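Right, one structure below, let's go through it.
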Amino acid sequence: MPRYFLERTVGDVTRAELDAIAARSQEIRTARYAQITWEHTHVVSTPEGLKAFCLYRSPDADSVKQHAAELGLPMDHFYEVETDLEP
């Protein structure tokens, strides 16, 4: 199944706010996008604030994009994963 990588600028938020965003994302996914699997998210600190790098598995890109739009957290970049490399 295709996998998609999203980059988002989250800004200056607390861990509690990140947890609330993640919970809301799961609520939306469970209610309307059961075909999407959220694999994980890496959050990094940048001069612009926090950035989130999210990995999803989905049969199509549009479902992931629609889910992101409903969450209300804009995407900076959206990519389909080509392959993975491991040590």
Condition check for Phe53: touching a strand residue (DSSP E or B) at 6+ places or on another chain (Cβ under 6 Å), closer than 16 Å to Glu7 by Cα, aromatic (Phe, Trp, Tyr) and touching a residue at least 60 places away in the same chain (Cβ under 8 Å): no
Breaking point among (1) under 20 Å from His77 (Cβ atoms); (2) outside any strand (DSSP E or B); (3) of a type in the set (Lys, Arg), for Arg8: (2)
Tabulated pairs, the range 12-26, first within 16 Å of Pro74 (Cβ to Cβ), second in a helix (DSSP H, G or I), C-beta under 7 angstrom, 6+ apart or interchain: Arg24/Leu71; Ser25/Leu71
Of residues in the range 27-64 being of a type in the set (S, T, N, Q) and surrounded by 11 or more Cβ atoms within 10 Å (Cβ to Cβ), the one farthest from the chain's Cα centre (by Cα): Gln35
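Each reported figure results from applying straightforward, stated rules to the coordinates on display, with no laboratory input. Since the structure is predicted, the reported quantities are computational estimates derived from the model, not experimental observations. Glycine gets a Cβ as well: all are built from the backbone with ideal geometry, and neighbour counts include every protein chain shown.
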